[in-house]
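Contents: one structure, followed by commentary.
No value in this document is a laboratory result; all are computed from the given coordinates. Note that this is a predicted model, so its numbers are computed, not measured. As a convention, Cβ positions derive from the backbone with ideal geometry for all residues, glycine included, and neighbour counts pool all protein chains shown.
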Amino acid sequence: MRRGGGAADDEKPDELFEQNTHITGEEIVGRATKSRSIIVCADDFGINPAVDDGILSLAALNRLSVVSCMSLGASFAHHAEALRASRVGMGLHLDLTEMPSGMKLSALITRAYADALDAAWVDERIARQLDAYENICGAAPAYVDGHQHVHQLPTVLPRLLRALDKRYLRRPWLRCTLPAPGQRMGFSDTFKAHVIGILGGNALRVAAREHGWRCNRNLLGVYGLRGGAWHYADLLQRWFAAARHGDLLMCHPAAPVGNDDPWQRQRAAEREVWAGSEVEEWLRSHDLKIARMGA
């Protein structure tokens, strides 16, 4: 089974929009309005019920383009059908750190850059997660990215591309993590965005150009995962101001769970902001629309 899709190119940011069959054409911000269309991606679906509930609520409000799914996550099999019914685009959120027998992120990065990752270990985890996704969803993922952006690491990226190329006639598109220029954030958030991009964004972009893989333009939405709803609302407006046509804005929403976990509280704050009516006003003020990439 072989090939589909054209080369990704930073100078052709709408190529993914033009070629992805899951996009509803009338929803794309296009040439007639001269406004920009961005991909809004919610991460970690399937990791727990609160995350799933938060994502499903935003999908119902048409605030999401795509959802990245952890196919071996504890709740994915229970909620995948509800996500499919929401008609958002669905992709695989490749996990090498949370899953059983996963590796600490710091160790994974160190081994990847030391060329010391076991290729068989990587292949087995890629295959198991693709198998689970296909078995539960009855379809191939529309795209692939990585939990903690592991999909772009040395050894992982070439093994992943090889696996996808062998399995699918129409290739999934890939998340590029190169930070979008013009983001006005604090030093720590800007530093984190650039570190993520440095750890494989250029390698993925080069592979996309050389071998004909589609990807988004650049990445928005990276921050320190703290600060509550007010801080997140401020950041979201800054990301909207910096967004270019074809960029991807990731988010991590969840329903409130009433515990003291700061990570869960910040996820709930993201969900609160994205569910607010102000989002539509902010999008209009920046001539932005959210690309509809569902079935």
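One table, with the values for the structure above:
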quantity: Directionally averaged shadow of region 135-233, computed from the convex hull of its alpha-carbon atoms, nm²; calculated: 7.8
quantity: Computed magnitude of the charge dipole of region 209-295 (debye, nearest 20; Cβ of K, R +1, Cβ of D, E -1); calculated: 380
quantity: Under Karplus coefficients 6.51, -1.76 and 1.60, residue-wise ³J(HN,Hα) of region 198-213 in Hz, glycine/proline x; calculated: 5, 7, x, x, 5, 4, 5, 4, 5, 4, 4, 5, 6, 10, x, 9
quantity: Residues whose placed amide H lies under 5 Å from that of residue 255, excluding near-sequence neighbours; calculated: 51, 53, 54, 55
quantity: Per residue convex hull volume, Cα atoms of region 43-128, in Å³; calculated: 103
quantity: Sorted peptide list for 88-98, 266-276, criterion being average Cβ within 10 angstrom, highest first; calculated: 88-98, 266-276
quantity: Computed P(r) (all Cα pairs; region 15-290; 10 Å bins; percent); calculated: 7, 30, 39, 21, 3, 0
quantity: Those Cys residues of the chain for which no other cysteine Cβ falls under 4.7 Å; calculated: 41, 69, 137, 251
quantity: Separation between Cα centres of region 276-295 and region 206-229, rounded to whole Å; calculated: 19
quantity: Under 5 Å, built H, 5+ apart or other chain: amide partners of residue 146; calculated: 94, 151
quantity: 3J(HN,Hα) from dihedral phi, region 159-169, Karplus parametrisation 6.51/-1.76/1.60, rounded to Hz, x for glycine, proline; calculated: 5, 5, 4, 5, 5, 5, 5, 6, 8, 10, 5
quantity: Highest-fluctuation residue, 169, 72, 235 considered, GNM on the chain with Cα pairs under 10 Å; calculated: 169
quantity: Table column - 3J(HN,Hα) (Hz), region 52-68, Karplus curve with 6.51, -1.76, 1.60, x for Gly and Pro; calculated: 4, 5, x, 5, 4, 5, 6, 4, 5, 8, 6, 9, 10, 8, 9, 10, 8
quantity: Euclidean distance of C-alpha centroids, region 35-90 and region 116-189, integer Å; calculated: 17
quantity: Value of relative contact order over region 15-290, rounded to a whole percent, pairs C-alpha under 8 Å and six or more apart; calculated: 24
quantity: Per-q log10 I(q)/I(0), region 192-295, q = 0.15 Å⁻¹ (Debye; single scatterer per alpha-carbon; no solvent); calculated: -0.75
quantity: Tally of Lys pairs whose C-alpha atoms are under 30 Å apart, taken over the chain, 8 or more apart or cross-chain; calculated: 8
quantity: Residue of 67, 122, 150 that the Gaussian network model of the chain assigns the largest fluctuation, springs spanning Cα pairs under 10 Å; calculated: 122
quantity: For residue 103, residues with placed amide H under 5 Å, excluding near neighbours; calculated: 97
